[in-house]
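As structure tokens, the structure follows; a few thoughts come after it.
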Amino acid sequence: MGLASRVLFVPYRKSQPCSRGPTRHWSEMATNGRHTTTTTYVRWGMAIDLKRCTGCQSCTMACKVENGTPAGVFWMRVLEREEGTFPLAQTLYMPLRCNHCAEPPCVPVCPTGASYKRTHDSLVLIDQDKCIGCSACVIACPYQVRFVPRHKTGYHGDQFTPYEDVSYKRWQAGTAQKCTFCVHRLDQGLGPACVETCPTKALVYGNLNDPQSEISKLIRTRTHFQPRAEAGTDPSLFYLT
Amino acid sequence: MATTQQGWLLTACGMCYIGCGVRVHVEDGVVTAIEGNPDNPQNRGRMCAKGKAGIMTHYNPHRVQHPLRRTNPKKGLDEDPRWQQISWREAIDTIIAELNRIREDPKKLLVQAWEAVGDNMFWLKAFGSAFGTPHIMNAASPTCGKVVHPVEFFSGGGFHQQPDLHYANYCILVGTQFAISARGSYNHIALDMAEARARGMKLVVIDPVGGYAASKAHEWIPIRPGTDSALALSMLHVLLNETGHYDEPFLKNKTNAPYLAGEDGRYLRDPESKQPLVFDAADGRIKTHDDSTLRDPALSGSFQVDGQNGRPTFELLREHVANYSPEKTEEITTIPAATVRRIAREFGEAASIGSTITIDGVELPYRPACVDWAKGTQGHKHGFHQCWPLKLLNMVVGAVNVPGGILSTAAIGKHPHQWRPEGGTDGMLEDGGHILPLPHPKAFPGRKPTTPIRMDLGELFPLASHFHTLLPITTADHRPYGLSYDLEMLLHTPTNSILGSFGDITMVEKFYQSLRFVAGFAIEINETTLFDDIVLPFPTYLERYDFNTGSAAHSIPPCGEEEFHWQVRQPVVDPPRDLIQPQDVIVEIADRVGVLGDLYRLLNHTYIIKEPYTLQPDRRYPASEIVERTAKSWFGEDHGLKWFREHGVVRLSRDVEESYFGPYLKARLPIYLEHLLQRGGELKTVLDQMGLNWDLSDYKPLSDWMPCPSYHAIRKGEFDLIAVHFKFPFVYGGYGNENPWIDELCENTEAYSVLMNESVAKAKGISNGDTVWLESPVRKVRARVKLTQCIHPEAVGVGGHFGHVSPGMPVARGKGISFNALLPTDLDHIDMISTALDHCVQVRITPTA
């Protein structure tokens, strides 16, 4: 069974398409308490250009090697969905991952405070030392991008490759994990691994609070939508259409 | 040594034949990350999924780490070789004994050299030549470059072709997913394609399968498999006879369009100089094409020359393509006539014939429209003529090696060496350019056919670039060809040719069984390795030294205004203890059979190693030193391995001539293939002498659509579908099938399934995900079906290169099917010009019930 049929496909074509141009001025966003805490200076976001994405899955693989995720766990994946009827048919490719929502449903449901929003840049992260693996966040997330691998099993079974020996130390079995926006790279001034490798530059990350950032310009000038924005999550991912 | 190195190390990727620049992170001897090298102008820091997955290929727990000997003399895909670990001494001694056994008749050695990742290919080829065999197999698949190379050699000048994504406004892809799912310099052209589409270039994809490229195109036009030439000829008809879109000055002055052909189709020639004649409309006189007074060569008319009637070849082309009205083409291709007319007109208009552009102060013709094609159009019984009229579409509008048109890869360069295409016979392009002095096999004027000595019958294919597809046919029965010996020994690279390089797997299995002794390099025990007598462990790309790091540097780099680049590959970690660099193995073997001096001489030539760095016959050099010497010879004493470890890549700018050499080429290009008449006639004489009655209908100067056997089979009702092949961006050209990450990706995207049109499947009672029987004339296999609207109803799509059976590949084993294995392999399925194996095979699909 394919990935596309195993997970809920976000009906992105039908969700709130935005008209060209900004919906709100940046200064409003920066000071609007609903979207930002008072100390927020940066809000990391990503624009995903669906016209550029060719479904090559480089981002999927870049995420895997960067984060050492186990089999069946994809913090970043590209779904394929067919549209139309022969001969007017085509496949749509949609990179999918944590939306780092401004109003993340996964955070308030966490009983231990393991899921949290980092105040200075709005990233939604998990403190695995605090996580008890209850999966409340997995259920609360409308995007199905959280995973709780119960065991550390390598791709070749219990015998880890030398790479897995190193990379599997980055996470704990029985706790929730998901896209961190490559926070360990951001903190070193590097871009997320998926963005850096994308052969068509379909992924653009940046500070949504900076009107001069490339991402802000793209959102201003391109038609776009935020996935399931109707859920009130205010995702930080913007799909350019 | 490598083990002492830590942190980020610069080297080259080796997960496919391209060779991107990468930096690899090593912590305590463990590879923990691989990223694109942003300084490499080819991949510009980008990497594909295959490259990103490379760590798990490197750490394959099932890799071969010691020399092995088979103890089961019986060979077969189902036979356990019963490997026994042996010493290097025993392995080499055994190989030397076998080589010495055939030393007096070296042509009994076959070298299977395709391994474009690094030096192993050129080294094994050099060894084969030094040993004295002509049987050096240097192609990958049974369609690999079969037509594009000869066509490039005489009508472009490079190795491959590439749409100019920098300037094209209209790009038609036929049977290729160029720059979206496949092709050389993928990570470069993928971005260029995205940028071109973003700036408004119209992309039209013509393909039976509506795959990745079709999904990103403005328009997908499904076509019945094996009918591409009918479409191309019809588009030519529209351009030349309906809309009048053709570049008259270009055709007159840069092609053989004005050459006069007589009633027999051959050129009319000057009795003394033997040069082809043209009619100069400026003064009404017949002249040779190179006459200094020639001002206005005529493209139409009928002229008497010494009692013979001669007409410009352009007029013959125009009349010929008039046989292909869009209405007739609709019946053949299923593409509506109105669509054929529309895209021909759009293409002609987009070509902006007559316009110019100024680049760096140089005014050049500007033809921002091109047609590109590759595997899908090459893999046919009449593959050459399926492709050639597609190239002609570019030529009639003058869109060849000019901004916006179709470009020739790696054709010309001024640094670090000088190379360029050159004219020759009849004033026509004769010699393509190549940075390495590995001359292109002459496709014009071709070679004179002779009675074959080669087991692959290379002598009977006077225009072809490779011939290996014939081997399973001739080794099964070589008596009809007058060959009185057997190939007895095979040396091969780690490439899995049994699944990758031929067709009908039963015939291929017999071919490999017929070889008395096989020795090969191996990283994993793949299907080819199953037939080995001796297995030699091979380093992964992270453990290797290579001066050649893939085709992106020397054969298929980005075209147009792009930099030249060169990098080397050097280990980032140590190989397993019992592993020897393959160059060192070949040197040892060459030395012991007494051909080391010849091997070095050939390497000095192939790699252009100059004094004082040349390899001396009385010395033994380790692999690292040879790479070092070559690098210094090319780029100077300071550019050794240390420099490359520190800097990664040499970058050199290219000027306008190197970017767009069309206007600088001092030779004409063909629109009429007169030499096919000559070679066809010569071939018939040789075949008559041999008592062979081959169909030589392909040897004609103007193309026709000639159907594949599957076309007739469908009409006879024997089968109801035609299987075709397509490519996945995360599998294409790669060595990653045993990689568990790539395997997982294939599972998640259902890449292991075959594609079937939903309506057709439902009529057969087949549902999505069903397991079915897929049966070709030579093979019946179980396959999982994925139903889709994105495929022509008459086609079945088989992607990737799967279908592994080797126990040495436990991850890949039993997943997907091998497309090649389905292909009938006989002369009725071989293109008589290019040796391409027919890749559109009739099949029936039935429920397994």
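Values for this structure:
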{"item": "Test: residue in region B:200-220 that is over 30 Å from A:CYS53 (Cβ atoms), in the same structural domain as B:ALA344 (by TED's automatic domain parsing) and basic (Lys, Arg)", "result": "no"}
{"item": "Residue among B:ARG44, B:ARG70, B:ARG23 that is touching an Asp or Glu at 6+ places or on another chain (Cβ under 6 Å) and under 19 Å from A:MET61 (Cβ atoms)", "result": "B:ARG23"}
{"item": "Among the candidates B:ASN768, B:ASN757, residue that is over 27 Å from B:CYS708 (Cα atoms) and facing chain A (nearest Cβ under 10 Å)", "result": "B:ASN768"}
{"item": "Residue in region B:707-730 that is aromatic (Phe, Trp, Tyr), more than 23 Å from the chain's Cα centre (by Cα), outside the structural domain of B:LEU673 (by TED's automatic domain parsing) and under 25 Å from B:PHE178 (Cα atoms) present", "result": "no"}
{"item": "Residue within region B:62-73 that is facing chain A (nearest Cβ under 9 Å) and either buried (at least 20 other Cβ atoms within 10 Å of the Cβ) or in contact with a Pro (Cβ under 9 Å, 6 or more places away or on another chain) (or both) present", "result": "yes"}
{"item": "Residues that are more than 23 Å from B:PRO437 (Cβ to Cβ), of a type in the set (A, V, I, L, M, F, W, C) and over 11 Å from the mean Cα position of the chain (by Cα), drawn from region B:146-167", "result": "B:LEU165"}
{"item": "Extreme residue, surrounded by the most Cβ atoms within 10 Å (Cβ to Cβ), among residues of region A:149-178 that are in contact (Cβ under 8 Å) with a residue 60 or more places away in the chain and of a type in the set (A, V, I, L, M, F, W, C)", "result": "A:ALA176"}
{"item": "Some residue of region B:466-484 being under 30 Å from B:ARG544 (Cβ atoms) and in a loop (DSSP other than H, G, I, E, B)", "result": "yes"}
{"item": "Elements of type strands (runs of 3 or more DSSP E) in region B:752-844, at least 3 residues being modelled with pLDDT of 95 or more and surrounded by fewer than 20 Cβ atoms within 10 Å (Cβ to Cβ)", "result": "B:771-775, B:780-788"}
{"item": "Selection status of B:ILE580, under 31 Å from the mean Cα position of the chain (by Cα) and part of a loop (DSSP other than H, G, I, E, B)", "result": "yes"}
{"item": "Any hit, region B:7-25, residues being buried (at least 24 other Cβ atoms within 10 Å of the Cβ) and of a type in the set (S, T, N, Q)", "result": "yes"}
{"item": "Given (1) touching a residue at least 40 places away in the same chain (Cβ under 8 Å); (2) under 18 Å from B:ASP426 (Cα atoms); (3) surrounded by fewer than 21 Cβ atoms within 10 Å (Cβ to Cβ), index of the condition B:PRO297 fails", "result": "(3)"}
{"item": "Yes/no for A:TYR93 being without any contact (Cβ under 8 Å) to a residue 24 or more places away in the chain and under 17 Å from the mean Cα position of the chain (by Cα)", "result": "no"}
{"item": "Selection within region A:179-221 - buried (at least 17 other Cβ atoms within 10 Å of the Cβ), more than 12 Å from every other protein chain (Cβ to nearest Cβ) and small (Gly, Ala, Ser)", "result": "A:GLY206, A:SER213, A:SER216"}
{"item": "Hits in region A:222-233 - residues which are on the phi > 0 side of the Ramachandran plot and surrounded by fewer than 16 Cβ atoms within 10 Å (Cβ to Cβ)", "result": "A:GLY232"}
{"item": "Strands (runs of 3 or more DSSP E) lying entirely in region B:279-328 (those with 1 or more residues that are of a type in the set (A, V, I, L, M))", "result": "B:285-288, B:303-305"}
{"item": "Within region A:148-168, considering residues that are within 16 Å of A:CYS131 (Cβ to Cβ) and out of contact with any helix residue (DSSP H, G or I) (no Cβ under 7 Å at 6 or more places or on another chain), the one farthest from the other protein chains (Cβ to nearest Cβ)", "result": "A:ARG150"}
{"item": "Residue in region B:234-243 that is under 30 Å from B:ALA836 (Cα atoms), assigned to a loop (DSSP other than H, G, I, E, B) and out of contact with any strand residue (DSSP E or B) (no Cβ under 8 Å at 6 or more places or on another chain) present", "result": "no"}
{"item": "Selection status of B:CYS48, closer than 26 Å to A:TYR168 by Cα, touching a Phe, Trp or Tyr at 6+ places or on another chain (Cβ under 8 Å) and more than 8 Å from chain A (Cβ to nearest Cβ)", "result": "no"}
{"item": "Condition met for B:GLY184 (assigned to a loop (DSSP other than H, G, I, E, B) and closer than 18 Å to A:THR54 by Cβ)", "result": "yes"}
{"item": "Unmet criterion (only one of (1) farther than 18 Å from B:ARG544 by Cβ; (2) surrounded by 19 or more Cβ atoms within 10 Å (Cβ to Cβ)) for B:PRO617", "result": "(2)"}
{"item": "Which numbered condition B:GLU509 misses (of (1) in a loop (DSSP other than H, G, I, E, B); (2) under 25 Å from the mean Cα position of the chain (by Cα); (3) closer than 30 Å to B:PHE802 by Cβ)", "result": "(1)"}
{"item": "Every residue from region A:129-155 that is within 19 Å of A:VAL183 (Cα to Cα) and more than 18 Å from the chain's Cα centre (by Cα)", "result": "A:ASP129, A:LYS130, A:CYS131"}
{"item": "When residues of region B:19-36 are limited to those that are in contact (Cβ under 8 Å) with a residue 60 or more places away in the chain, in a loop (DSSP other than H, G, I, E, B) and within 12 Å of another protein chain (Cβ to nearest Cβ), the one nearest to B:ALA140 (Cα to Cα)", "result": "B:CYS20"}
{"item": "Residues within region B:198-221 that are within 10 Å of another protein chain (Cβ to nearest Cβ) and assigned to a loop (DSSP other than H, G, I, E, B), tallied", "result": "3"}
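A quick yes/no check of all residues on (1) under 21 Å from the mean Cα position of the chain (by Cα); (2) free of Cβ contacts under 8 Å to residues at least 40 places away in the same chain; (3) more than 14 Å from chain A (Cβ to nearest Cβ):
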position: B:ASP688; (1), (2), (3): no, yes, yes
position: B:TRP694; (1), (2), (3): no, no, yes
position: B:ASP704; (1), (2), (3): no, no, yes
position: B:GLU738; (1), (2), (3): no, no, no
position: B:ILE742; (1), (2), (3): no, no, no
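Listed here are the residues, each with its yes/no results for (1) closer than 28 Å to B:PRO134 by Cβ; (2) part of a loop (DSSP other than H, G, I, E, B); (3) among the small types (Gly, Ala, Ser).
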position: B:THR377; (1), (2), (3): no, no, no
position: B:ASP426; (1), (2), (3): no, no, no
position: B:LEU429; (1), (2), (3): yes, no, no
position: B:LEU436; (1), (2), (3): yes, yes, no
position: B:PRO452; (1), (2), (3): yes, yes, no
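Okay, residues lined up against (1) touching a strand residue (DSSP E or B) at 6+ places or on another chain (Cβ under 6 Å); (2) at pLDDT 95 or above; (3) of a type outside the set (A, V, I, L, M, F, W, C); (4) on the phi > 0 side of the Ramachandran plot:
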{"position": "A:ARG146", "(1), (2), (3), (4)": "no, yes, yes, no"}
{"position": "A:GLY174", "(1), (2), (3), (4)": "no, yes, yes, yes"}
{"position": "A:CYS179", "(1), (2), (3), (4)": "yes, yes, no, no"}
{"position": "A:ASP187", "(1), (2), (3), (4)": "no, no, yes, no"}
{"position": "A:ASP210", "(1), (2), (3), (4)": "no, yes, yes, no"}
{"position": "A:SER213", "(1), (2), (3), (4)": "yes, yes, yes, no"}
{"position": "A:PRO235", "(1), (2), (3), (4)": "no, yes, yes, no"}
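The values are calculated or read from the model by the stated rules, or taken from the named source; none is laboratory data. These numbers come from a predicted model, not from an experiment. Reconstructed Cβ throughout: ideal geometry from the backbone, glycine too, with neighbour counts over all protein chains shown.
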